[in-house]
1. Does residue 58 satisfy the condition of being free of Cβ contacts under 8 Å to residues at least 12 places away in the same chain, more than 24 Å from residue 125 (Cβ to Cβ), open to solvent by less than 70 Å² (accessible area, probe 1.4 Å) and more than 15 Å from the chain's Cα centre (by Cα)?
2. Scan (1) out of contact with any Pro (no Cβ under 7 Å at 6 or more places or on another chain); (2) under 27 Å from residue 7 (Cβ atoms); (3) aliphatic (A, V, I, L, M) for the single condition residue 155 breaks and write down its number.
3. Determine which single condition residue 43 fails, assuming it passes every other condition in (1) open to solvent by less than 50 Å² (accessible area, probe 1.4 Å); (2) in contact (Cβ under 8 Å) with a residue 40 or more places away in the chain; (3) not in a strand (DSSP E or B).
4. Restricting the search to region 139-175, which residues are modelled with pLDDT under 90, within 14 Å of residue 129 (Cβ to Cβ) and touching a Lys or Arg at 6+ places or on another chain (Cβ under 7 Å)?
5. Quick one: how many residues across region 70-104 are modelled with pLDDT of 90 or more, within 30 Å of residue 139 (Cα to Cα) and out of contact with any Ser or Thr (no Cβ under 8 Å at 6 or more places or on another chain)?
6. Please report, ordered by residue number, the strands (runs of 3 or more DSSP E) entirely within region 52-150 with at least 2 residues that are small (Gly, Ala, Ser), closer than 18 Å to residue 14 by Cα and touching a Pro at 6+ places or on another chain (Cβ under 8 Å).
7. If you scan region 97-111, which residues turn out to be more than 17 Å from the chain's Cα centre (by Cα) and among the hydrophobic types (A, V, I, L, M, F, W, C)?
8. Whether any residue in region 28-39 is part of a strand (DSSP E or B), at pLDDT 90 or above and out of contact with any Pro (no Cβ under 8 Å at 6 or more places or on another chain) is what I want to check.
Amino acid sequence: MSVEEHFTETHPARIQVALTNTLETPVSLSSGITPPFTSYLSGSQSDENRLVLVPDVSEDESPLDWIGEPDPIPTSTENGCWNVAQDVEIEDIGLVIELDQGETSSQQYDVYGYQNDSCPSSGAYQFEDTMKIYNGQPSNDTPEYEVALGFTVTLDEDQSLSVEKEDPTVKTTKD
């Protein structure tokens, strides 16, 4: 988990999320189409003061469907801010990937304010995701575990940001 770029006049902020298999056996992850993290809106009671993560994938592969405009991702700042004004629907398309021992799945995400009238407020923005994980290939006989992943993006008053991961939680869902 790292900050790749901070907000500037020429590009939005960018973070990288990575998940490494530290077990001694291969595992299969059942998640969305941009593993390892497929939850794109920060948690909030309303759409005010949220961030949206836009995965660095082609438009054809993107799980984000923007309502109202075919291309709502800004190519420059508006009033000094990188914001997406359109509503988004997130496709729940599943994908299973296998990670061998020591192998890492990683993805870069551009960070934008989501439906903000001004630059996103300084503060902590929580992101949470849940996926299924299996030892080896998924089958009816394979134990299934649910893994909760999360991290916090903290935005400072100068619009610089930091990322802090949370410890994942794992629970058995099927024996």
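1. It is true that residue 58 is free of Cβ contacts under 8 Å to residues at least 12 places away in the same chain, more than 24 Å from residue 125 (Cβ to Cβ), open to solvent by less than 70 Å² (accessible area, probe 1.4 Å) and more than 15 Å from the chain's Cα centre (by Cα).
2. (1)
3. Failing condition for residue 43: (1).
4. Passing the criteria: only 146.
5. Total satisfying the criteria: 1.
6. Filter on region 52-150 gives 104-114.
7. From region 97-111, those more than 17 Å from the chain's Cα centre (by Cα) are 98-103; that's our starting set.
Listed by number, the list holds a single entry, 99.
8. There is no residue in region 28-39 that is part of a strand (DSSP E or B), at pLDDT 90 or above and out of contact with any Pro (no Cβ under 8 Å at 6 or more places or on another chain).
The values are calculated or read from the model by the stated rules, or taken from the named source; none is laboratory data. Predicted model only: the values in this text are computed from it and were never measured. When we count neighbours, we look across all protein chains shown, and the Cβ atoms used for this are built from the backbone with ideal geometry, even at glycine. For the accessible areas, the whole protein counts, side chains as well, though only heavy atoms, and no ligand, DNA or RNA atoms are used. Shrake-Rupley method; radii C 1.70, N 1.55, O 1.52, S 1.80 Å.
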